[in-house]
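Below: one structure, written as structure tokens.
No value in this document is a laboratory result; all are computed from the given coordinates. Values in this document were obtained by computation on a predicted structure and should not be read as measured data. Cβ: placed from backbone, ideal geometry, glycine included. Neighbour counts: every protein chain shown.
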């Protein structure tokens, strides 16, 4: 290799930093700080053998919650289906046709049905 | 100063005094190794701290019959390698749009020929991929054998020789010099 490059490598050998007088203390302080943070973590409370199972359970739980949050509840039967369907209940018929209930009992039943939904 | 393997066993048991003694004994070695790859004292100190932090969080992995200084050297080199890769990614934009050393071989030779000025060689070395740079520095600066480099990097000796050859070739090309034969 180029002799200048050899000289460069030789000069690099001489370029060495020495640890400062408080390096050991700094390392020990950092180690102590990190250890106390790690000890308080929830993950440390789980046995190492159970961690994969715990992680899988957490993933499944989060996935289920995400599905519940982001997917809207689909009604069993929408308003168009209800209007077009031949087996409309009295309540559905009144709601979609806009007619007045024929009796107070029917009105009460409609209110109860709607509240129940 | 002689190394007592019992220190490692005591450190594994969580004895603070043993851990402190290990840091005291091996910090010059770690500093020396990290200095090979980084030029600023602050970087060297930060990385040396990272090395010891890794050492004590993984000290359970050290087997009783294992060569602790060799293991520590591997951890140090791997830490440097990770940091060099991170730095390289950070500087990717600069490397793309910045000055290109390969296009300036004449200038490189001129600067290199100046006595005591190794700026261009340093820049060329810095520009090397960490995969090539680390074996080259370990061989040329740290003066480790191919077998020791292979052990430290966890690769085969043939792989080390190939990397050394490519590193020298790239370096020579960057400096505008024809590459010489493989030396291992």
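Please arrange B:50, A:6, B:43, B:65 by counting, for each residue, the other beta carbons lying within 10 Å of its beta carbon, fewest first.
Values: B:50 20, A:6 11, B:43 17, B:65 6.
Ordered from fewest to most neighbouring Cβ atoms within 10 Å, B:50, A:6, B:43, B:65 come out as B:65, A:6, B:43, B:50.
How far apart, in nanometres, would the label points at residue B:162 and residue A:11 be if each is projected 7 angstrom from Cα along the Cα-to-Cβ direction?
In this crude label model, residue B:162 to residue A:11 measures out at 3.4 nm.
Figure the gain on full extension for residue A:70 and residue A:88 (residue separation times 0.36 nm, minus the Cα-Cα span) and round it to one decimal in nm.
Working: separation 18, 0.36 × 18 = 6.48 nm, distance 3.10 nm.
Difference between extended and current length: 3.4 nm.
How much length would be gained if the chain were fully extended between residue B:91 and residue B:6, taking 0.36 nm per residue of separation minus their Cα-Cα distance, in nm to one decimal? Walk me through the numbers on the way to the answer.
Numbers: separation 85, 0.36 × 85 = 30.60 nm, distance 4.33 nm.
Result: 26.3 nm gained on full extension.
Say R0 is 25 Å: what FRET efficiency, to the nearest 0.05, do residue B:129 and residue A:29 get from their beta-carbon distance?
Computed FRET efficiency for residue B:129 and residue A:29 comes out at 0.10.
With r as the distance between the Cβ atoms of residue B:57 and residue A:63 and R0 = 35 Å, compute the FRET efficiency 1/(1 + (r/R0)^6) and round to 0.05.
Values: r = 31 Å, r/R0 = 0.89.
The value I calculate is 0.65.
Counting C-alpha atoms alone, how compact is the range A:3-70: give Rg to one decimal and Dmax as a whole number, in angstrom.
Computed over the Cα atoms of the range A:3-70, radius of gyration and Dmax are 24.6, 70 Å.
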